[in-house]
Amino acid sequence: MIKELANVVAIDAGQVTVTSQIKSTCSGCAQVDTCGSGQIAKALPQAKLTLTLPYDIKTTGKQLKQGDCVVLALPEKHILSSAGQVYLLPLLGLITFSAVGQWLLKQQILPHELYALGLGITGGYLGYRLAKYQQKQGKQSENLQPKIIEVIPSTNLSK
């Protein structure tokens with residue numbers, strides 16, 4: 001399970017808005033001073049990610065208030081499944097349609113290689129559209145929604 005800390009910034013009826021600091025992975029490497037990605041990560045200001053999530057006190061077990069820290073989680077298997085679809089379906093479409101295009105070219109059904117190339121690109125695009133459609137389906141979209149699994153109450157130091 002992938003976990004991330006976030007701060008509660010607003011609570012509305014049935015929804016909570018949280019912000020999380022986006023962390024660059026280019027800070028711990030020994031090559032950070034000589035790597036181009038590390039230099040870009042240093043130059044750009046740290047960004048914040050803001051999410052509005054459904055909130056029900058029954059699922060968290062605690063009443064949230066502004067300033068609380070929450071632990072958000074996403075199951076790893078859903079992320080890996082989604083990544084597999086997004087990367088593999090367009091690639092599979094490209095390879096399959098390119099193979100069909102080459103076969104049609106070899107059988108002299110297609111008059112030129114550009115038609116086979118166009119067929120391969122079309123297959124890649126159709127694979128992309130299929131992956132996009134599957135990602136927007138209710139169940140897949142719901143599985144990729146972060147969930148609050150723990151509430152860390154804010155400590156009020158001013159008395």
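Values computed for the structure shown
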item: Residue match in the stretch 62-69 (condition: in contact with a Leu (Cβ under 9 Å, 6 or more places away or on another chain) and assigned by TED's automatic domain parsing to the domain that holds VAL8); result: yes
item: Checklist (1) surrounded by 14 or more Cβ atoms within 10 Å (Cβ to Cβ); (2) modelled with pLDDT of 85 or more applied to TYR133, failing item; result: (1)
item: Single unsatisfied condition, VAL86 versus (1) touching a residue at least 24 places away in the same chain (Cβ under 8 Å); (2) under 28 Å from ASP12 (Cα atoms); result: (2)
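Per-residue answers, yes or no, for (1) out of contact with any Phe, Trp or Tyr (no Cβ under 7 Å at 6 or more places or on another chain); (2) assigned to a strand (DSSP E or B); (3) closer than 23 Å to THR17 by Cβ; (4) among the aliphatic types (A, V, I, L, M):
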{"site": "THR52", "(1), (2), (3), (4)": "yes, yes, yes, no"}
{"site": "GLN63", "(1), (2), (3), (4)": "yes, no, yes, no"}
{"site": "GLY84", "(1), (2), (3), (4)": "yes, no, no, no"}
{"site": "LEU105", "(1), (2), (3), (4)": "yes, no, no, yes"}
{"site": "ILE109", "(1), (2), (3), (4)": "yes, no, no, yes"}
{"site": "LEU130", "(1), (2), (3), (4)": "yes, no, no, yes"}
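The values are calculated or read from the model by the stated rules, or taken from the named source; none is laboratory data. Note that this is a predicted model, so its numbers are computed, not measured. Note that we place each Cβ from the backbone using ideal geometry, even for glycine, and neighbour counts take in every protein chain shown.
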